[in-house]
Every structure is written in structure tokens, then in C-alpha cells.
Amino acid sequence: MTSRDRVRTPLSAAAMEPDEGGRYGVYGGRYAPETLMAPLEELSRAWDRLRRKRAFQRRLRHLLEHYVGRPTPLYFAERLTEHLGGARIYLKREDLLHTGAHKINNALGQVLLAKEMGKTRIIAETGAGQHGVATATAAALLGLDCVVYMGEEDMRRQRLNVYRMQLLGAEVAAVDAGSRTLKDAINEAFRDWVASFADTHYVLGTVTGPEPYPRMVRQFHSVIGSEARRQLKRQTGAADPDVAIACVGGGSNAMGLFSAFLDRPDVLLVGVEAGGRGPDLGDHAARFSGGTLGVLHGARTLVLQDEEGQVVGTHSVSGRARLPGRRSRACVPARSGADRVHLGHGP
Amino acid sequence: MSPRRRRSSRSAIAAAFAGCSRQERAAFIPFLVAGDPSLKATPDLLRALVAGGADVIELGVSFSDPIADGPTIQRASNRALAAGSSLSAVLGIVERHREELGVPIVLFTYYNPVHARGVATFAAQAADSGVDGVLCVDLPPDEGLRELQPALSERDVDSIYLIAATSTKERIDRAAAASNGFVYYTARSDVTGERDDLIPTLAREVKRVRRRVHLPVAVGFGISTPEQVEEVARVAHGVVVGSSLVRLVEENAGEPDLAARLERRVGQLTAPLRR
């Protein structure tokens, strides 16, 4: 970490759970073209119905255990702990999941939901490719067509993941608009969805977008935090760590981990975002410290933008982290009271 | 910007539709992206729209992430941004030319540029510049009624909301309640762009909206030929043509007679309305 900022904004109870419009305090909401409003309302209803259904929960649990590889280990990193000589460090090994990242928790959940809704086609955006690979895998598993939008620049940098998606039967659609990276892939997925919602579900890959995406994605990833607490309790006798640290690109794995500790005031939550080349606009992807309130990709969130409200480019070594819109669910802990989330910057 | 307009009880937009209605014809509403191909060229192009027969002008404010637009308007937005266009620049154009143009101007924008400025500041500046109405393509009435609509209403600037084929009765009523001047029915569940055919159920859909909405109903998205204008004009109070005019600007950007070509094209598109 090269710097640390404390964000102190009081968080009301109302901001923890969204209101009926999907708003988390000033964040969230549903800022979409009118054509998508009814399909989004339909998605909210379907999600609220299915997430309570025993059969759906059973099906998802079964797949997470037997296909995805849950639970993942909580590993005590003894050598790293020794080497750093401070905290006892535990790693929640989401990298050991099928397809190699936490992304599959959400992708599989959403594709299962889409199938229940009678959709036959899946679209997704991807930056580094992890969410695209996870979605292509889930679609192949459940027998749905899949198109993944990916910026040309990202395709060039992540050729292996492009190949994996294609092997899984997905079409990878190159996006040459704008900065040719993740934000443009999201734009293109929305453009597809405006015309295809009747038979297509858009699997958004992180805690952004219009209601119900932030709460739905958070819910699918909350298994990370709930497992970690259980495992920590078993291994150490105490379920709460002193500090929970997660990298924040889009915010989905951070929300997955933090969601288990949001009501535990003694747990310090630390999000690490990409500091890039430097603190100037366009040189980094650190939206908590550099972003201002804006409306992008269907939600009100922190956005890296100029004073005219034009979204600016980002710089990060990661593909997924190159997103100028801060996700509303991630905004919540970042702006939460009592110094709940601290921010650090990495490259 | 100086306040220089005092509004009567009826907005200029309402008056424009009423005038067309007296002539028993639909209003013609062309769309252009402000600042494409350059900020300097825009006033001439707006004059060409009026000379060709525009009743209301939709002036596009470019945004870096136009999720509702197809390739034609995306390219135009990029050109305009590269040429220095911005919400400030567009307000400046309206301030300098609204009176001279003599037809109502609706800003067609994404919400973020407006949001970045602050809705109250924006509403005041829009009113002072002479903007007649504002349509934010990614601001549904659900959010708009809480944020932008009250601010615009206070400044007597009309709010225009979209209605789509997917809009339920409740959503149509909500859009109508949030709008003044007119409502905008999107003829296609798609991004903006030219299409060979209108959808076959369009007339029925527009009638469904008209039955529930007390305001004029303008129809846009996918309309590009005089024949399509004529067909839509039979069921709608207003016809919006965007991408095909934007494409004309793109294809003739370097030509000295760009404005004359645009005027000729608008004349062709409005001819069916004058018969």
C-alpha cells in the first residue's frame, strides 16, 4: 500500500439494505433507459421469488459444492505471517475455485436464475476475462448460449482467457468503442440487452448496475464471508478477525467478504484499490479517493469523471480493476461510519 | 447567462404542438449531436433544420458512455467530444441561438453531465439559456421525479420522458405524470439507429399510449425515410428523426454545402407532413 485514506461518512441503517428503488442512501437506484425498466422490474421480482425458494437454494448449493469446489480453504499463511512479523494472516483461497476466481459464485447463480426465468441466452461483460470465463462456464454447464463482450484492448492483453471462453462455446464479441476496455464492454452489453431482454439475461459481473444487480451479486458472493467466519471460528475459536482485507476493482469479492462483517463494528474492513501510475485523473483506478458522485452503468456511484460529467479513462495493471464507476454496494462500506473501511492503493 | 425569458402558462413546446395540430399535421423533430462535426458548425446546421421544416429541435449532448445509442450516434458523440463539446458548450449554443432559431429546443442527454453540474444549477442555467425541454435517456421517471423534474419544473423548463413498448400501464402513467410538453415513445426496443422497416405493431402501440396520455406523443428510434415519417405521422403527434441526419452530417462533414444538404434532406422528410 502506498497510501491510506480514512473515509468517515455516517452510515444509516437504511444505507445497508436498499429501499424499494434499490437505493443505498445516495448510492444505487435504477438509472436505465425506459425499455429496460420493465425487464429490470421482472428480474427483481424473479430474484426475490427464487432466492427464497428451497429448490433453488438446494440446486445452487449442490452446484457450488460438487461443481465449483466450495467450501474453499481458509489457509493460515504461516511463512508470510512469520516474514511480516505482525498479524496472523489467513488467506481465503477463492483462487482455488473452478475457473480460478471468485467470479463463478455469482456467474453460476445468475445463470441458474436466468434458466429458471426461461431465458435461453446469456450475455456478459468482462475485463481481465475472469468473469467472462466464469459466465461461459456456467452457461455451458446449464446449456445456454453465451456472448461475452470484451474490449479490444483487454482481448489483446488477456488472449488466453479469450481462448478459454471460446473453448467453452461462448462467442467473444470485441468492443472497439471508447477506451476499448471494461467500461465499454459494459456499455455494449447494455446495448445488446435493450434489444434482446425477451430471451436474454445479462450476467453483470460485479456489484454495480441498476437494482437488483448490486444486492443480487453481493448475495451470491456472501458465501465468501460466511464461510470465512465459520472457518476462522473453527481454527482460532473466534469468528471475527481484527482486520478483513480485500482488493477492490469492481467490488464483488470485497462485498462478498465484508458482508459477513458489516454488523461487526470491531472488525476493521480494508479495501485496496489500484493506484496505477499516480494520483492524477486517468492514471489510476482509485475511485473511493479520486471519484465523485455520478451516474454510470445504471447506478449512482462514485465515478472518475471530469467537471463536465464525462467519464475519464483509468489505469491499472489489472483488467477488472479498470472500471471508472464505483459500485454502489462497495460504496456502502467505503462510506460507512466508524472508520469501517480503510483504503489503500496498490498498482 | 442572463435571465431573459419569462414563460407564459403554456410552454413553447406545447405551443409548437398546438400549432401543428391546428394545421392538422404531426410535428417534425430532428435530432443532431451538438458539436458534430464542430461547435462552430452547429448553429448553421440548426438553422438548416429550421429552414427544412423543424417544429422542435432535439439537441444531443455528448456523453462518454452512451449506452442507448447505436454506432452512428456513438461516432457523432465521439467527434463532438473531440471537438470540445460539453454540456457547457451546448448551453452556450442555445443561449446564443435559441431566439434567432425561433423553434423550441429540447436537450437530449444522458443524466451524468446534468448530475455532475447539480440539478438545481443545471435547471437554472438551462432556463436562462432558453432551453425549452430536457430529456435524459437514462433517467427514468422513477428517479427523475425525485431529482430532476422538480428542479426543471421550478424553472419552467419542460421534462420529457421516454415510453417504450415494454412500459406497463403504471409506467406509462408515471412517464406522463413526470412529463410536460410531450412524451417520447421509442418505436423500437433497441439502441438508436436507422432501420429498413417500422415494427408492424407500431400503430397499435402508439394508440395504446395515446389512450393513457394527455400530452402529445412523439415517436422516434429507427425512423429515417419520408415514407416512414408519413406512416408514423398518421398515428403520432410528432416524428423524431435522428441517426439518418447524424449520418448525413458524418458523410458530408467536409463539404462546404453541408448545411444546404441537411436542409434539403429535412425538406424531403417533412414533405409528407405538408401535403
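The values are calculated or read from the model by the stated rules, or taken from the named source; none is laboratory data. Predicted, not measured: the structure shown is a model, and the values here were computed from it. Neighbour counts run over all protein chains shown; Cβ positions are idealised from the backbone, glycine included. Each accessible area value is taken on the protein alone, full model and side chains, heavy atoms only, with ligands, DNA and RNA left out. Shrake-Rupley method; radii C 1.70, N 1.55, O 1.52, S 1.80 Å.
Taking every protein chain into account, the 1.4 Å probe leaves B:LEU81 with about 50 Å² of accessible area, to the nearest ten. Applying a DSSP loop filter and a limit of 13 other Cβ atoms within 10 Å to the trypsin sites (Lys or Arg not before Pro) in segment A:51-81 leaves A:ARG52, A:LYS53. With an a/c value of 1.5 or above and a/b not larger than b/c for the gyration tensor axes a ≥ b ≥ c computed over the alpha-carbon atoms, segment A:203-277 is described as oblate. Sites listed here are trypsin sites (Lys or Arg not before Pro) in segment B:25-68 whose DSSP assignment is loop and whose Cβ has at most 14 other Cβ atoms within 10 Å: B:LYS40. Burial annotation for segment A:173-203: residues with an accessible-area loss of at least 10 Å² between the isolated chain and the complete set of protein chains, computed on heavy atoms with a 1.4 Å probe, are A:ALA177, A:GLY178, A:LYS183, A:ASN187, A:PHE190, A:ARG191, A:VAL194, A:ALA195, A:PHE197. In terms of its C-alpha gyration tensor, segment B:15-73 comes out oblate, because a/c is 1.5 or above while a/b does not outweigh b/c.
Counting lysine pairs in the protein assembly as shown that sit 8 or more residues apart in sequence, or on different chains, and whose Cα atoms lie under 19 Å apart gives 7. The trypsin sites (Lys or Arg not before Pro) of segment B:136-189 meeting both criteria, a DSSP state outside H, G, I, E and B (loop) and at most 14 other C-beta atoms within 10 angstrom of the site's C-beta, are B:ARG146.
Distant-in-sequence amide contacts of A:VAL272, defined by a placed amide H-H separation under 5 Å and a gap of 5 or more residues or a different chain, comprise A:ALA246, A:CYS247, A:VAL248, A:GLY344. In segment B:161-179, burial by the other protein chains removes 20 Å² or more of accessible area from B:LEU162, B:ALA164, B:THR166, B:ARG171, compared with the chain on its own (1.4 Å probe, ligands and nucleic acids ignored).
Derived scalar couplings between HN and Hα for segment B:258-275 equal 3, 4, 5, 5, 5, 4, 4, 5, 4, x, 5, 5, 8, 3, x, 7, 9, 5 Hz in order, rounded to whole Hz, by the Karplus curve 6.51 cos²θ - 1.76 cosθ + 1.60 (θ = phi - 60°), x for Gly and Pro. P(r) for segment B:12-274, from all Cα pairs and a bin width of 10 Å, is 7, 34, 40, 17, 1 %, short bins first. Couplings for segment A:95-112, taken from phi via the Karplus curve 6.51 cos²θ - 1.76 cosθ + 1.60 with θ = phi - 60°, read 5, 8, 5, 3, 6, x, 7, 5, 3, 5, 3, 7, 4, 5, x, 5, 5, 4 Hz in order; Gly and Pro are left as x. The alpha carbon centroids of segment B:78-118 and segment A:208-283 are separated by 41 Å. Dividing the helix sum by the residues of chain B, where each DSSP H run of 4 or more adds -39500 (n - 2.57), gives a mean residue ellipticity at 222 nm of -14500 deg cm²/dmol. Please give the Cα centre distance for segment B:178-228 versus segment A:137-166, rounded to the nearest Å. Cα centroid of segment B:178-228 versus Cα centroid of segment A:137-166: 36 Å apart. Amide H contacts under 5 Å for A:GLY151: A:THR126, A:VAL175, A:ALA185, restricted to partners 5 or more places along the chain or on a different chain, H placed in the peptide plane at 1.01 Å from N. Roughly how many percent of the accessible protein surface of the protein assembly as shown is carbon and sulfur, given a 1.4 Å probe and a whole-percent answer? Answer for the protein assembly as shown is 49 percent, counting heavy atoms of protein chains only.
Dipole of the protein assembly as shown, Cα-centred, from +1 at each Lys and Arg C-beta and -1 at each Asp and Glu C-beta, to the nearest 20 debye?
Charge dipole of the protein assembly as shown: 1820 debye, to the nearest 20.
Protein heavy-atom accessible surface, 1.4 Å probe, per residue over segment B:12-274: 34 Å². In segment A:20-63, comparing the full protein assembly with the chain on its own, the residues that lose 20 Å² or more of accessible surface at a 1.4 Å probe are A:ARG23, A:ARG30, A:TYR31, A:ALA32, A:PRO33, A:GLU34, A:THR35, A:MET37, A:ALA38, A:GLU41.
Of the residues B:ALA16, B:VAL119, B:SER64, the one whose Cα sits farthest towards the positive end of the charge dipole of chain B is B:ALA16 (charges of +1 on Lys and Arg Cβ, -1 on Asp and Glu Cβ, taken about the Cα centre). Ranking B:ALA164, A:LEU160, A:SER44 by Cα position along the charge dipole of the protein assembly as shown, where only Lys, Arg, Asp and Glu carry charges on their C-beta atoms, puts A:SER44 farthest toward the positive end.
For the pair B and A, the buried accessible area comes to roughly 2900 Å² in total, with a 1.4 Å probe and the value rounded to the nearest 100.
Taking the highest mean first, how do the peptides B:230-240, B:251-261 order by number of other beta carbon atoms within 10 angstrom per residue?
On the way: B:230-240: 21.5, B:251-261: 13.2.
Answer by packing, highest mean first, reads B:230-240, B:251-261.
Using θ = phi - 60° in the Karplus curve 6.51 cos²θ - 1.76 cosθ + 1.60, the 3J(HN,Hα) couplings for segment B:237-245 round to 7, x, 10, 9, 10, x, 3, 5, 6 Hz; x is entered for Gly and Pro.
Rank these residues by their accessible area, most exposed first, probe 1.4 Å: B:VAL119, A:VAL248.
These residues rank, largest area first, as B:VAL119, A:VAL248.
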